[in-house]
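The next block holds one structure in the form of structure tokens; read it before the comments.
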């Protein structure tokens, strides 16, 4: 080599012998290993204590961060009128993030900070009822100050008060509700359908879609077997699993949100479906139909909740109150096409029709899916409240169905 | 002299390795620890040296593991066959357009993979542009479909990993000295023989690198199976997603991850041995 | 050197006659056509994406699954989507920063692995593959746990850290393909001629390996812009482009996503053209070929 050396240039004149370097590196890595080991060892139960008590509200911060599902709020081009009206009326800057695509996936991303006592980054999250129940078990949701929500108290439909998953709405209030039923394309099936067993009909082999959501799919199988989903025993669930395994060859796949465009483009002829989605697709493709099977269907609600440690809870309450105003709720429903928990929405839509709104508003106002009658309600079932052990058992059984 | 050179090596290594130790090794060690724990999120996890979980996990998920390995192998071979002539053409025939062509190979990958995969879903739809037209012409029966079948998943994987194979191949091919080929020609070698004995041999580092960059991520992929696949195309990546996010069975998810990593390392070591080694692993 | 002289003075007639022109031309069309086909295949979904950015959707929500007519209106309002613009900015900044750092760190490692012999070289070689082999969901989640236990707020910085981490391996593997079998003689020659090691490295070695480094950088950039799962876990409430796209693409890909994808794509095209022009300028004065006596170190400009 030449006169200078590279390490001479890097300023390395003090000799570190290789042995010394290795020794130090060795000690260092042992130390880090121990740290990591300790950090990982004996992960404690992830329950948090904070969720039980009512925390005092800080003064309004002027900021709000909310996470929601896609297509779940009114849109005027790039912005949401509801968000804009809220921001203007309350002088709050709001970040509305459409980052929830799947309950479990979203929960998986906020769990670690919540269990360690840190903020999740969101002030309001919108998750499905069973997840509210689960998060409550861990103490991950703040108690709601109902005195800050006069609109909720005044306008919420009785149907949504004091639900099975959150007694007295202590930790959540509904955002929207819907029904899981069956959707199909009549031009592809050639006839009208009316039963869960139509999903198993080999006439539609390879063109049937089921949900990857365990509760929805197991409920359907339970109903097909004549069992009551809200009281299902483990034996009944095992029988439901057997039913699904038997007919597995008929299914094209187990879908999440993406069943809808498969149905719309003709890859699927029949599929489990959510009420609002089909309503939306029908506007483009009148061949699509939705029905509640004669054996029964599922009803669920998506709910607003405040994760523990949220930084702007006061502003969160302001927004929650804002959307329970019937005018705002109507605006949202006219865009989202799922059932609203707010009373008076149906009447307001009629008014909007009278004032010359778009055509589909009439369909909306008449829709039994968006405004279910008592009769429709009687045909639908909520999910069973599952404790951890039962949930694990059900999940294990379901895994054998969807992942072979 | 020799010691100084070795010191240089250490100083080159340290920044990157420190980063990896901090942000890869530590999380991974904690993952290892979790794999040996038992319990549940609500009850808490306890470290119990549960080594039994590894054979358990292997037995329970052997189908998905084998399937992922098989898919990885198919994808690697297919991308190699497709990308080699491509890289060769760009390197040897590209001339002034070399860099342009190379960028054209990479450019589709500046578009988010979600968009690319969704567009493939659109293209492969039962009544879509491809299948619909073929059905109209009577080439395919009315009930034929691709989405949900292994071929769709493989197609997606091959598409997404093509540049991972093409880039290293190009890099290795481009550095080959043309005069060596002239020399082979002078020695009356046929074109085919010159190719195999000179060009291909010299491009082996690129073949090796490309295979690794393709096989390793492909085996653990879950996105293509999720978007384009069906119930019988479940890959190990999908299983790990489910175990972690849905079942909240962190020990199982962690153990499966290590089984996957061990399997990959094994395959890579074997491959390096077969290809002739030391040179290739540096 | 004597070898060079030998090459230069060898009489031309001694070389084998090249194959007849006709034969060469006939053999010549297959590869270029093949390349064209493959590139077309690569661009197929991109074409669909570009096309559907112009789709004139009629319905109130408009599912972008069937063609309904041509319009430019989506281009006029694409930057009005507040989240989209900031998500895109975040993605590009993170990609640029992580590319620079990861390429630097990874190249250094690759150089160490191929130019020097040291204890632990084999082990390091194997170790480098591990991040690529680790399933993203577990890696992302464990990294999140690490950040949580260090009480680091999740956001831009944590995403950046994660991206640099997984990019290093890809850079190392790519650069190694170029530095493999690296012969230090050229650098030695430069030093013999009086260059300092630093100068020797930058004027001799670096240009030789720069295609590998560039390729690695491009790969790292693409990987960073595209990352979904690891980012999902470590982003807090910061949005990146893939996170935004995943949220917006429930019923097919909405037009604004197509438009933004198209814009990104053409930005890349412009970058490519610019870099070609830059390269041409730089190497215009460099010799096209040096006849080296040693295999594998050819300078092919």
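For peptide B:33-45, how many partner chain Cβ atoms fall within 10 Å of a residue's Cβ, on average? Please list the in-between numbers first.
Values: counts 8, 7, 2, 2, 4, 0, 4, 6, 10, 11, 6, 6, 7.
Mean shielding count: 6.
Shielding of B:79-91 by partners, i.e. mean partner chain Cβ atoms within 10 Å per residue? All intermediate terms of the calculation are to be shown ahead of the outcome.
Numbers: counts 0, 0, 0, 4, 1, 0, 5, 7, 1, 3, 8, 3, 2.
The per-residue average across the peptide is 3.
Considering the stretch A:314-382, what Rg and Dmax in Å follow from its alpha-carbon atoms?
13.3, 39
Per-residue mean of other chain beta-carbon atoms within 10 angstrom of the beta-carbon, peptide C:236-249?
Working: counts 8, 12, 2, 4, 1, 4, 4, 6, 5, 6, 8, 10, 4, 9.
Across C:236-249, the average partner-chain Cβ count within 10 Å equals 6.
Measure nothing but the geometry: give the 0 to 90° angle between the long axis through the Cα atoms of A:214-224 and the longest principal axis through the Cα atoms of chain A, rounded to 10°.
So the inclination is approximately 30 degrees.
Considering only B:185, B:238, B:50, give the residue with the highest GNM mean-square fluctuation for chain B, with springs between Cα atoms whenever their separation is below 10 Å.
B:185
Please work out the Cα center distance from the stretch C:162-234 to the stretch B:75-130, rounded to the nearest Å.
23
Can you tell me what share of the DSSP beta bridges in the protein assembly as shown is antiparallel? A percent to the nearest 5 is fine.
Details: 30 of 45 bridges.
Once the DSSP bridges in the protein assembly as shown are tallied, antiparallel ones form about 65 percent.
Taking only DSSP H segments of four or more residues, each worth -39500 (n - 2.57), what value at 222 nm results for the protein assembly as shown once the sum is divided by all its residues, to the nearest 500 deg cm²/dmol?
Numbers: 46 runs with 564 residues, N = 987.
After summing the helix terms and dividing by the residues of the protein assembly as shown, the value is -18000 deg cm²/dmol.
Given Cα pairs under 8 Å that are at least 6 residues apart, what percent is the relative contact order of chain B?
Working: 280 pairs, mean separation 72.9, N = 282.
Worked out over chain B, it gives 26 percent.
Just need the Rg to Rh number for the stretch A:160-317, please, alpha carbons only, Kirkwood Rh.
Working: Rg = 17.6 Å, Rh = 17.0 Å.
For the stretch A:160-317, the value is 1.04.
Please give the helix A:18-40 orientation as an angle from the longest Cα principal axis of chain A, in degrees from 0 to 90, rounded to the nearest 10.
30
If you average 1/r over every pair of different alpha-carbon atoms in the protein assembly as shown and take one over that average, what Kirkwood value in Å do you get?
On the way: mean 1/r = 0.0327 Å⁻¹.
Result for the protein assembly as shown, one decimal place: 30.5 Å.
So how tilted is helix A:313-322 from the main axis of chain A? Cα-based, degrees 0 to 90, rounded to 10.
For helix A:313-322, the angle is close to 20 degrees.
Semi-axes of the equivalent ellipsoid of chain A: what are they in whole Å, largest first, if each equals the square root of 5 times a C-alpha gyration tensor eigenvalue? Show your work: numbers first, answer last.
Details: eigenvalues 385, 188, 105 Å².
Value: 44, 31, 23 Å, ordered largest first.
I need to check one value: relative contact order of chain A, counting alpha carbon pairs closer than 8 Å and at least 6 residues apart, in percent. Let's see the in-between values first.
On the way: 636 pairs, mean separation 97.5, N = 404.
Relative contact order here is 24 percent.
With the radius of gyration and the Kirkwood radius both derived from the Cα set of the stretch B:61-281, what is their ratio Rg to Rh? Don't skip to the answer; put the middle values down first.
Details: Rg = 20.3 Å, Rh = 19.5 Å.
Result for the stretch B:61-281 is an Rg/Rh of 1.04.
Which of B:228, B:169, B:270 moves most in a GNM of chain B, Cα contacts under 10 Å?
B:270
Bins of 5 Å, beginning at zero and ending with the bin holding the largest distance: percent of Cα pairs per bin for the stretch C:123-264, please.
Histogramming the stretch C:123-264 at 5 Å steps yields 2, 9, 14, 14, 14, 13, 11, 9, 7, 5, 2, 1, 0, 0 percent.
Calculated FRET efficiency, residue A:392 and residue A:153, Cβ-Cβ r, R0 41 Å, to nearest 0.05?
For R0 = 41 Å, the calculated efficiency reads 0.65.
Using Cα-Cα distances under 8 Å and only pairs 6 or more residues apart, what relative contact order does the stretch C:81-283 have, in percent?
Details: 196 pairs, mean separation 72.8, N = 203.
Worked out over the stretch C:81-283, it gives 36 percent.
All of the numbers you see were taken from the coordinates with simple rules; none came from a lab. Because the structure is predicted, anything quoted here is derived from the model rather than measured. Please note: Cβ atoms are built from the backbone with ideal geometry, for glycine as well, and neighbour counts cover all protein chains shown.
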